[in-house]
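One structure is given here, and the rest of the page talks about it.
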Amino acid sequence: MRRFLLFTVICFLVALEQAFSSDTSGDERTLWNLERAYWQYVEKNDLSAYSDLWHKNFLGWPSVSTAPVRKDHITDWITSQTSKGLAFKTVEFKPAAIHVTGDVAFACYWIRFRWTEKDGSGAPHTLRITHAWLRSGKDWRIIGGMSMPEPENR
């Protein structure tokens, strides 16, 4: 009887551990998909869908800003370029690391992109991106972040 009880407890603990680890990997997939969607929204100039990714209390520091910004200014970097007739094109999305702890996640990656003229010309640039995500119910929203240019000659 003791062996049966011990076996049952071990099976329960293994099942519990697998349930929690699969939730984390599911969250990681979801968050990477949201990060990719972020850049697709920029390419499509879909500012509404892009803005929906952000938490109402967001605070971050984009590389193009001299000071931290809140949600009401998160599209400024896009409109400053599209107002000149430029279009955003993703060249490469390269994940670096992600960590999920409960309802908080932190994602780090590189994005290589070009702001292109009508003829398709435009120099490539690479940014290092960090985003802090907060889960609210079933939804994840970006609560904080920062970006910095990657040196082109590394």
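Please give the Cα centre distance for segment 21-78 versus segment 114-154, rounded to the nearest Å. So the two Cα centres are separated by 8 Å.
Please give the length that would be gained between Thr101 and Asp46 if that part of the chain were fully extended, namely 0.36 nm times their separation in residues minus their C-alpha to C-alpha distance (nm, one decimal).
Gain on extension, Thr101 to Asp46, equals 16.8 nm.
Over all pairs of different C-alpha atoms in segment 76-141, the reciprocal of the mean inverse distance, the Kirkwood hydrodynamic radius, equals 13.8 Å.
Taking 37 °C and 0.692 mPa s as conditions, segment 108-154 diffuses translationally at an estimated 257 µm²/s according to Stokes-Einstein applied to its Kirkwood radius (Cα pairs). Computed over the alpha carbons of segment 42-113, Rg followed by Dmax gives 13.7, 42 Å. For segment 38-154, with all protein chains in place and a probe radius of 1.4 Å, 54% of the accessible heavy-atom surface sits on carbon or sulfur.
Please state, to two decimals, what the Cα-based radius of gyration of segment 33-154 comes to when divided by 2.2 N^0.38 Å (N = residues). List each step's numbers first, then the result.
Working: Rg = 14.3 Å, N = 122, 2.2 N^0.38 = 13.7 Å.
Scaled against compact globular proteins, the figure is 1.05.
The values are calculated or read from the model by the stated rules, or taken from the named source; none is laboratory data. If you're wondering where the values come from, they're calculated on a predicted model, not measured in any experiment. Heads up: the accessible areas ignore ligands, DNA and RNA and are worked out on the full protein's heavy atoms, side chains in. Shrake-Rupley method; radii C 1.70, N 1.55, O 1.52, S 1.80 Å.
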